[in-house]
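The numbers here are math on the coordinates, done by the rules we state, and not lab data. All figures in this text were calculated on a predicted structure; none of them were measured in a lab. Don't worry about glycine lacking a Cβ; one is built from the backbone with ideal geometry, like all the others, and counts go over all protein chains shown.
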Amino acid sequence: MPFSRNELVLLPIPFADLGSMKVRPAIVVGHGTWPGDLFVVPVTSQLANADLALTHWAEAGLNVPSGIKGQICTVEDRLVRKVVGRITEQDRSALDSMLRRWLQL
């Protein structure tokens, strides 16, 4: 299944110790050069741990106020369990600005 930039997806995210995983939301920010690779940024409901709060979290399909963590992960698209929604243009613009800052572009 092809995924588009700015889609909000659910996928298993490993804990830091890699001992277990939990299904969490993430936003697709791009595709890798290897077929099936997605670049995603994790989403958290712990706003104190977020680098960017989503203004329109409900419109994106989230149940609670959430934000984006300042991390970029590469995952295989086969790990995506479900597409929940899509972030709004306003949140996309804010995310794009943060990506440029994080990546020093």
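The table for this structure:
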{"quantity": "Distance (nanometres) between label positions extended 7 Å along Cα→Cβ at Arg100 and Lys22", "calculated": "3.4 nm"}
{"quantity": "Point-to-point label distance, Glu89-Asn49, nm (Cα→Cβ direction, 7 Å offset)", "calculated": "3.3 nm"}
{"quantity": "Anisotropy class of region 64-105 from Cα gyration tensor, a/c 1.5 cut", "calculated": "oblate"}
{"quantity": "Amide H contacts under 5 Å for Leu52, placed H, 5+ residues apart", "calculated": "Ile68"}
{"quantity": "Kirkwood Rh (inverse of mean 1/r, distinct Cα pairs), the chain, angstrom", "calculated": "13.8 Å"}
{"quantity": "Choice from Leu47, Leu11, Leu95 with maximal GNM fluctuation in the chain (Cα, 10 Å cutoff)", "calculated": "Leu47"}
{"quantity": "Amide H within-cut-off set for Arg86, under 5 Å, with H built and near neighbours excluded", "calculated": "Leu8"}
{"quantity": "Centroid-to-centroid separation of region 38-105 and region 1-33 [C-alpha atoms, Å]", "calculated": "10 Å"}
{"quantity": "Amide H contacts under 5 Å for Arg24, placed H, 5+ residues apart", "calculated": "Leu11, Ile13"}
